[in-house]
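Each value in this text was obtained by applying a stated rule to the coordinates, not by laboratory testing. The shown structure was predicted, so the numbers you read here are calculated from the model rather than taken from an experiment. Every residue, glycine as well, gets a Cβ built from its backbone with ideal geometry; the counts of neighbours run over all protein chains shown.
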Amino acid sequence: MKVAFFGGSFNPPHVGHVLAASYALSIGFDRVLAVVVKDHAFGKPLVAFEHRARMTELAFTPLPDVEVSRVEAQLPTPNYTLLTLRAVIAAHPDWQLRLLVGSDVMREVDRWHSFDEVAKLAPLFLLDRAGHDAAGRSILPEISSTQIRDCLAAPSAEAEAWLSRHVPASVLDYLRTHGLYAKSASA
């Protein structure tokens with residue numbers, strides 16, 4: 001089975017994530033495994049793992065061939081993509097993995113733990129992302145989870161309109177219900 005390993009903090013997930021998975025499925029991957037990271041390897045602050053995992057499940061609900069994985073919750077910390085890949089390969093030795101990443105990730109690979117080994121276990125499947133050395137071939141919109149968090153922290157009519165175009169409705173409802181990323185919210 002040809003599987004795209006799509007790891008991320010999903011802090012929160014957005015339409016760019018959904019489009020990336022949809023694209024991978026439409027060009028021949030049998031499944032996308034969306035792996036929610038437990039702790040960010042570079043120390044970026046994240047809301048609670050369970051919130052991010054649930055929002056990721058909500059975001060990918062329309063795509064039945066996307067499986068949201070919480071495997072990192074069972075792995076020791078600190079964890080790295082290499083260790084997560086090894087765990088997935090051990091559980092599914094018949095899967096042919098490719099690492100699904102946006103072009104923005106390429107500027108950080110020198111910081112990854114054993115990136116060369118990661119790329120051997122799951123060769124890169126790179127998606128061009130607007131604003132990130134995409135050489136004019138963008139297939140993913142210029143959107144980031146940081147933009148979403150900023151809009152939620154400083155609500156306005158403009159921010160609300162932007163959020164409604166860039167965040168799956170089910171995720172936006174979850175964000176509001178739980179008050180995530182609002183100025184006074186705590187993780």
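In a GNM of the chain with a 10 Å cut-off on Cα contacts, which of 87, 157, 20 has the highest mean-square fluctuation? Residue with maximal mean-square fluctuation among 87, 157, 20: 157.
If only the Cβ of Lys and Arg carry +1 and only the Cβ of Asp and Glu carry -1, the dipole of segment 1-111 around its Cα centre is close to 140 debye. Between 33, 99, 83, the residue with the greatest mean-square fluctuation in the GNM of the chain (Cα pairs under 10 Å linked by springs) is 83.
Among 37, 101, 109, the residue with the largest mean-square fluctuation in a Gaussian network model of the chain, with springs joining Cα atoms closer than 10 Å, is 109.
Taking Cα centre as origin and charging only the Cβ of basic (Lys, Arg, +1) and acidic (Asp, Glu, -1) residues, the dipole magnitude of the chain rounds to 160 debye.
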